[in-house]
Amino acid sequence: MKLRLPRTLLVACLAAVPLLGVAASSDEIDARVREALANLYQTSSAAKELAGKARGLLVFPRILKGGVGIGGEYGEGALLIGGRTADYYSIRSASIGFQLGIQEKSVAILFMDDAELEKFRHSDGWKAGVDGSVAIASIGAGESIDTETTRKPIIGFVFSNKGLMYNLALEGSKITRLSK
């Protein structure tokens, strides 16, 4: 019985790998982005208010992460400027270490000033933590966001259909423009 659980998880992780490389159409990405934003805004009105002040909003509605010792994650999303899709992007990362299983999450990255947004848009493969420091927003009592976080030029929300997920980092994730 002890050997079946790791094998089952290994098979599940390996079965998910082909899903990571399947590119969605621009219409599919746009629909998923709208759904993810509705979910985020329903979870936190403070996130909605902050997003309304952002110069650009990069949304990855579905990032799949899986691993057995060696792991990886992949997702596709869209950059919204003025409420309209400006470009499509992918996010990916790899990791080595203790990990087992599969996880799905959504991410919204808010560019709060024009300089950071333009730096992102003109990069050839932007890395969180290298090309821009992303302050992960935590929602406090009364749905307020820490005032120090609201002053940062790039703010990230990591969430799922079960609500916000805390203490997750985007460091090392590479974001690349897709040709759609």
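Each reported figure results from applying straightforward, stated rules to the coordinates on display, with no laboratory input. Only a predicted model underlies this, so the values are computations on that prediction, with no experimental measurement involved. Note that we place each Cβ from the backbone using ideal geometry, even for glycine, and neighbour counts take in every protein chain shown.
Take the Cα of Ser179, step 7 Å toward its Cβ, do the same at Phe98, and the gap between the two points is 4.4 nm.
Remark: Ser173, Ser90, Ser44 ranked as Ser90, Ser44, Ser173, counting other beta-carbon atoms within 10 Å and listing the fewest first. Determine which residues of segment 105-126 fall in the zone a paramagnetic label at Ser90 would reach in this model, i.e. backbone nitrogen under 14 Å from the point 7 Å along Cα→Cβ. It comes to 125-126, nothing else. At full extension, Ala23 and Ser123 could sit 33.8 nm farther apart than now, given 0.36 nm per residue minus the alpha carbon distance.
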